[in-house]
Structures are given as structure tokens and as C-alpha cells.
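Have a look at the structure below, then the notes.
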Amino acid sequence: MQDLDELTVTDVALAQMAGTENPRLKQIADGAVRHLHAFAREVNLTPEEWLTGIQFMTAVGQACTPLRQEFILLSDVLGLSAVVNALHDKKARELGSQSSLLGPFFREGAPDLPNGAQIVEHPTAEEIVVYGQVSDNDGTPLPGAVIQVWQTSERGLYDLQERHGESMDMRGIFRTDADGRYHFRTVRPLGYSIPMDGPVGELVKLQNRHGMRPSHIHCLISADGHRELVTALYFGDDPNIDSDTVFGVSRSLVVEATIDPASPVPGLRAVHYDFRLAAEAPGESGRVGADPTRLMKAAE
Ligand code: BEZ
Ligand code: FE
């Protein structure tokens with residue numbers, strides 16, 4: 001029998017898991033064990049701290065509801081979602097538009113709208129237009145590409161927060177026209193705080209972070225034979241553009257709303273953004289995030 005100490009237990013644990021048949025599960029579980037053990041040794045984790053961690057994770061699980069995914073939020077504020085996203089994005093980025101986080105406010109089943117429609121039911125701020133073209137990585141326009149968009153209101157809240165999930169607003173699904181062009185009206189979304197009333201918010205406060213995301217519009221774009229693009233457009237003049245709590249902003253995704261003679265809706269400030277989709281990578285989903293309702297259903 002082997003004497004176990006804080007070092008030898010790692011290899012013993014890995015040996016006991018050596019029979020895992022699924023090679024990818026083996027790689028992931030082995031890596032997690034090695035890094036978790038190394039982490040405990042590095043910080044000299046005490047039993048009290050270990051228990052605090054368990055209580056924290058329990059509270060994170062208990063904060064999950066059909067409308068809220070606190071584990072995804074935890075992954076987001078730790079930068080893990082951004083790492084997974086960037087790993088997934090590495091190849092597509094050379095060819096297509098850069099991606100960003102899906103976030104916890106994506107919902108399946110948003111309304112299908114014609115190009116030019118306003119996505120906000122009762123706009124109370126200046127309307128703007130968002131327009132552009134979707135093409136493949138050779139620059140060939142993609143007619144019939146599907147663009148889903150969702151955003152906060154001018155008050156900085158998603159419909160899930162303002163309407164408690166009872167109806168949808170500030171969302172829409174558009175299709176590009178014969179030239180691959182799209183446009184929709186909206187109001188400029190306000191930057192907002194991630195949900196701070198749960199255990200993840202407590203952690204963020206203990207870290208003296210502001211918890212804000214800069215103003216943005218989420219976009220999920222798909223076209224047959226192309227890789228789905230999950231991204232967002234960020235307004236460059238937002239005061240938190242360089243300190244996003246969930247590390248979602250990249251330079252190539254920063255936009256401004258300007259008076260633009262080429263806009264399809266003269267008289268409104270316009271955001272112009274052309275998307276490029278990389279060629280399809282079979283069997284892959286680029287969604288770092290999910291509709292929380294769906295995750296709850298899958299867990300039942
Ligand atoms: C969002 O952009 O909707 C979001 C992303 C991560 C955490 C919270 C919100
Ligand atoms: Fe968002």
C-alpha cells in the first residue's frame with residue numbers, strides 16, 4: 001500500500017481513473033484533477049476555505065432558475081467563457097468576424113421580422129439603424145443568412161429582467177436580402193450591470209470590480225454551409241469599454257452610431273457592420289452560453 005501525501009495522491013487518483021473509455025472525457029477529467037490538486041497546493045487551501053468554496057458553489061447552483069444561469073455567469077466573470085470562446089474562435093478569426101460571448105440573456109424563439117423593422121416595442125430614446133452585409137470569407141455576399149439580435153433597453157435591462165420572461169422585446173430575427181444585406185432599427189442599448197444579487201455578484205464585489213458591461217448589441221448569425229457566428233457590437237464611447245466584467249470586447253467589434261449618407265434609413269444615426277462567416281466546421285457549436293430555459297429543461 002502506498003503512503004498518500006499532498007503530492008503522491010495526484011498520480012494515485014489519475015491511475016484510478018486510467019480505465020476511462022471515452023478518450024476526451026479522460027483528457028478533461030485528468031487535466032481537471034491535475035490542475036485542481038496543483039491549485040490547492042499552490043494556495044495551501046485550508047479545510048475552512050475548501051468548505052467556503054463548496055458553500056459558494058452550492059449557492060451558485062441554488063441561484064439558477066429557468067431565467068438565470070449563475071454557473072455561466074461565474075464562468076463569465078472569471079474569464080473562462082472568454083478563454084473558451086477565443087479557443088473556439090482561433091481558426092475562424094483568421095477568416096471571419098470575431099466572436100464574443102452569447103451571455104445569459106439569449107432566448108430561443110425571438111420574433112421573425114422584416115428588414116428595417118424596429119426591435120423595440122415602445123422606443124423612448126433616439127432611434128438608430130444597424131445595417132450591413134453578411135458575406136463568406138471570400139467576400140461573396142450571403143443571401144438568406146439569419147441574423148438574430150438581442151439587447152438591453154435604453155434603461156439597461158433585458159426583457160427577461162423588465163418583463164420577467166413573460167414576453168419578448170428588444171429581440172428579432174432577420175434574413176439578409178438577395179445582396180446579403182440586412183438592416184434593423186433599434187435604440188441605443190444602455191450598458192448594464194451583470195446580475196449582482198447572487199453569489200457571483202458577491203464575489204465580484206469582494207474583488208472591487210464594478211460589474212458593468214459596456215453598451216452592446218448581441219448578434220447570432222448563421223447561413224447554410226457556414227460556421228455559426230456568436231458575436232456582439234460594442235459602442236466605443238461607453239465609459240466601461242475597456243473594463244468589461246466578462247471580457248467580451250475586442251477591438252474589431254467596436255462601433256459608433258454616426259450620421260451616414262450610405263445608411264438605408266436617412267436621418268437616423270447608423271451603425272454599419274459587415275459580418276464575415278467562416279466555412280462550416282462540422283459538428284461544432286460556437287455558443288459559449290445558452291438559453292437558460294433550455295439548460296433547466298435538459299437537467300430535468
Ligand atoms: C450579456 O452580454 O448579456 C452578458 C454576458 C455575460 C454575463 C452577463 C451578461
Ligand atoms: Fe448582453
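Is the stretch 125-145 home to any residue that is more than 12 Å from the chain's Cα centre (by Cα), among the polar types (S, T, N, Q) and outside any loop (DSSP other than H, G, I, E, B)?
Yes, the stretch 125-145 has at least one match.
Being surrounded by 17 or more Cβ atoms within 10 Å (Cβ to Cβ) and within 14 Å of ligand 2 (Cβ to nearest atom) is the filter here, so list the residues in the stretch 155-168 that pass it.
Of everything in the stretch 155-168, those that are surrounded by 17 or more Cβ atoms within 10 Å (Cβ to Cβ) and within 14 Å of ligand 2 (Cβ to nearest atom) turn out to be LEU157, TYR158, ASP159, LEU160, GLN161.
Could you please find all residues in the stretch 3-37 being without any contact (Cβ under 8 Å) to a residue 12 or more places away in the chain and closer than 30 Å to GLY201 by Cβ?
ILE28, GLY31, ALA32, HIS35, LEU36
Take the stretch 181-202 and flag every residue that is within 16 Å of ligand 2 (Cβ to nearest atom) and of a type in the set (Lys, Arg).
The answer is ARG188, and nothing else.
Looking only at the stretch 202-231, which residues are closer than 22 Å to LEU74 by Cβ and of a type in the set (Asp, Glu)?
Selection gives GLU202 alone.
Yes or no: the stretch 73-83 includes at least one residue that is surrounded by 12 or more Cβ atoms within 10 Å (Cβ to Cβ) and not in a helix (DSSP H, G or I).
Within the stretch 73-83, one or more residues are surrounded by 12 or more Cβ atoms within 10 Å (Cβ to Cβ) and not in a helix (DSSP H, G or I).
What number of residues in the stretch 203-216 are in a loop (DSSP other than H, G, I, E, B) and within 16 Å of ligand 2 (Cβ to nearest atom)?
Count: 4.
Please determine whether any residue of the stretch 131-139 is surrounded by 20 or more Cβ atoms within 10 Å (Cβ to Cβ), within 16 Å of ligand 2 (Cβ to nearest atom), within 21 Å of VAL255 (Cα to Cα) and assigned by TED's automatic domain parsing to the domain that holds GLY156.
Checked the stretch 131-139: no residue is surrounded by 20 or more Cβ atoms within 10 Å (Cβ to Cβ), within 16 Å of ligand 2 (Cβ to nearest atom), within 21 Å of VAL255 (Cα to Cα) and assigned by TED's automatic domain parsing to the domain that holds GLY156.
If a residue must be basic (Lys, Arg) and within 25 Å of ASP136 (Cα to Cα), how many such residues does the stretch 211-248 contain?
Count: 1.
Return yes when ASP260 is out of contact with any strand residue (DSSP E or B) (no Cβ under 6 Å at 6 or more places or on another chain), modelled with pLDDT under 95 and more than 20 Å from MET170 (Cβ to Cβ) and no when it is not.
no
Residue-wise test of (1) within 10 Å of ligand 1 (Cβ to nearest atom); (2) in the same structural domain as VAL149 (by TED's automatic domain parsing); (3) assigned to a loop (DSSP other than H, G, I, E, B).
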residue: HIS218; (1), (2), (3): yes, yes, no
residue: ILE221; (1), (2), (3): no, yes, no
residue: ASP242; (1), (2), (3): no, yes, yes
residue: VAL246; (1), (2), (3): yes, yes, yes
residue: PRO264; (1), (2), (3): no, yes, yes
residue: ALA270; (1), (2), (3): no, yes, no
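Search the stretch 62-91 for residues that are modelled with pLDDT of 95 or more and of a type in the set (A, V, I, L, M) and pair each with any residue that is within 11 Å of ligand 1 (Cβ to nearest atom) and assigned to a helix (DSSP H, G or I) when their beta-carbon atoms are under 6 Å apart and the residues are at least 6 apart or on different chains.
Qualifying pairs under 6 Å: ALA63/GLU70; LEU74/VAL200; VAL77/VAL200; VAL77/VAL204.
The values are calculated or read from the model by the stated rules, or taken from the named source; none is laboratory data. These numbers come from a predicted model, not from an experiment. Neighbour counts run over all protein chains shown; Cβ positions are idealised from the backbone, glycine included.
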